[in-house]
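Working notes, beginning with the structure itself.
The values are calculated or read from the model by the stated rules, or taken from the named source; none is laboratory data. Source: prediction; values computed, not measured. Here Cβ is always computed from backbone atoms with ideal geometry, including for glycine, and neighbour counts include all displayed protein chains. Ligands, DNA and RNA are excluded from the accessible area calculation, which covers all protein heavy atoms including side chains. Shrake-Rupley method; radii C 1.70, N 1.55, O 1.52, S 1.80 Å.
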Amino acid sequence: MTTATAPRAPEGRTADSARPAGYGLLRVRGASFLVHRRSAVVAASLALLLAAACLTYLCLGETVAAPGEVVRAVLGLPSSETFVVNVLRLPRLVVGLLVGAAFGVAGALIQTVARNPLASPDIIGISQGASAVTVGALTYGVTSYAVLPYVSVAGGMAAAVLVYVFAWRGGLHAGRFVLIGIGFAIALRSVTQLFLTEGEYLVAQQAQVWMTGSLNGRGWGEAAALGWTLLALLPLVLWAARAQRGVSLDDDTATALGTRLGRTRLGLVFVGVVLASVATGVAGPVDFVALLAPQVARRTTRTAQIPLLCSALMGALIVVLGDLLARTLFSPVELPVGVLTAAVGAPYLIWLIVKDRGVRTGGKA
């Protein structure tokens, strides 16, 4: 949802007549804010779809629970499905919601800085950096899922610094940023494979499952670690929502308006990298969520910049639906959620590349 402080109307004109097309005026305790109407409608629609997906997620599984019993269990009322809902399904659902929201916002911020829809954490090496360090930690005996998110942050930050430094040539060129990121992603995958060959068989198997992106076995411990981290990052996310408006403009216009592009871009990348790395540490590299969610959000809202709230809701919706299908599609066998998101995201990535090639060549092969 895009908001901004309402500008003072010129003399002789009302605030309504000075309002940009497509925006409404929201007044809260004497303060006025411009709200993009379409973004508000999309955010409300996504919230309703997400609520329906969560209810369906809690109802379906090896045993099917009635919606009424599910609601009673979640509210803490006596229910015949309390154990199935509150112990087996709800913790995993909460982790999926937080992971999806984190990936959605991370992808939106990194794509805003790079000005390229291909620049998502799992494409430009950030998820691979987090994965390499995390698999290395698993190989050498760190197996606590409560610790892995913080280990992943170190790997993601290191990969982001390397990509940022090598891509910087008196400025951040979008194409160079993506290409160098892809190169680092390939190299870091090799490092991860090296760790897998060094580890014991059972540890390697555990790491392989984690690398596909899975919510299986995740509980309240992982949800709490991720939830507290996201809460601590909330002030930075709110700053990023405002700062990205300046970065979305061309460099000359942004500089003329007083935006410090270097510092702002670095801050946005920092927030995006931490979000993506923590989410990767909890659930593994759930591929293509950070690529899909921001682009779908932007295309549905039709805003100049990628809306963070809609990206978060879209990311959560993708992960919840993906994990629901992963649990039920081939029951009793459970697939990792990353398999489902990759099945949807890979064709979308190919479409983006083909579309970009068509634009560059004027539609000629």
| Filter result (within 25 Å of V339 (Cα to Cα) and either open to solvent by less than 20 Å² (accessible area, probe 1.4 Å) or not in a helix (DSSP H, G or I) (or both)) within the range 293-307 | A293, P294, Q295, A297
| Evaluation of A207 against (1) closer than 25 Å to Y57 by Cβ; (2) touching a residue at least 60 places away in the same chain (Cβ under 8 Å) (one fails), failing number | (1)
| query | Is the range 32-45 home to any residue that is aliphatic (A, V, I, L, M), at pLDDT 90 or above, within 28 Å of L325 (Cβ to Cβ) and outside any helix (DSSP H, G or I)? | reply | no
| remark: The number of residues in the range 318-365 that are open to solvent by 30 Å² or more (accessible area, probe 1.4 Å), under 18 Å from P294 (Cβ atoms) and at pLDDT 85 or above is 2
| request: Output the residue which, of all residues in the range 123-135 that are open to solvent by 10 Å² or more (accessible area, probe 1.4 Å) and of a type outside the set (S, T, N, Q), is farthest from G345 (Cα to Cα). | output: V133
| task | Identify, from the list T56, T82, T3, T14, the residue that is among the β-branched types (V, I, T), more than 26 Å from Q305 (Cα to Cα) and modelled with pLDDT under 60. | result | T14
| note | Only unsatisfied item for L98, checking (1) at pLDDT below 85; (2) open to solvent by 20 Å² or more (accessible area, probe 1.4 Å), is (1)
| query | Can you name the residue in the range 149-199 that is in a helix (DSSP H, G or I) and charged (D, E, K, R) and is also nearest to N116 (Cα to Cα) among such residues? | reply | R176
| Subset of the range 281-292 [part of a helix (DSSP H, G or I) and more than 10 Å from the chain's Cα centre (by Cα)] | G281, V282, A283
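Condition (residue is open to solvent by 20 Å² or more (accessible area, probe 1.4 Å) and under 13 Å from A276 (Cβ atoms)) applied to the range 110-122: is it met by at least one residue?
Step one: list which residues in the range 110-122 are open to solvent by 20 Å² or more (accessible area, probe 1.4 Å), which gives 115-118.
Narrowing the set further to residues that are under 13 Å from A276 (Cβ atoms) leaves none.
The answer is no; no qualifying residue exists.
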| said: Within the range 265-290, take every residue that is touching a helix residue (DSSP H, G or I) at 6+ places or on another chain (Cβ under 6 Å) and over 14 Å from V99 (Cα atoms) and give me the one that is modelled with the highest pLDDT. | reply: V271
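Here are some residues: P67, P91. Which one is under 20 Å from L317 (Cα atoms), modelled with pLDDT of 90 or more, touching a helix residue (DSSP H, G or I) at 6+ places or on another chain (Cβ under 7 Å) and surrounded by 13 or more Cβ atoms within 10 Å (Cβ to Cβ)? Can you show your working first?
On the way: P67 fails: surrounded by 13 or more Cβ atoms within 10 Å (Cβ to Cβ).
P91 is the lone residue from the list that is under 20 Å from L317 (Cα atoms), modelled with pLDDT of 90 or more, touching a helix residue (DSSP H, G or I) at 6+ places or on another chain (Cβ under 7 Å) and surrounded by 13 or more Cβ atoms within 10 Å (Cβ to Cβ).
Quick check on my filter: what residues within the range 215-228 are among the small types (G, A, S) and either exposed (fewer than 15 other Cβ atoms within 10 Å of the Cβ) or within 14 Å of V278 (Cα to Cα) (or both)?
Keep residues of the range 215-228 that are among the small types (G, A, S), which gives 217, 219, 221, 223-225, 227.
If the condition is that a residue be among the small types (G, A, S) and either exposed (fewer than 15 other Cβ atoms within 10 Å of the Cβ) or within 14 Å of V278 (Cα to Cα) (or both), then G217, G221, A223, A224, A225, G227 are the ones that fit.
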| remark: Taking the range 123-151 and keeping only residues that are closer than 19 Å to L230 by Cβ and at pLDDT 80 or above, one is left with I126, S127, A130, T134, V151
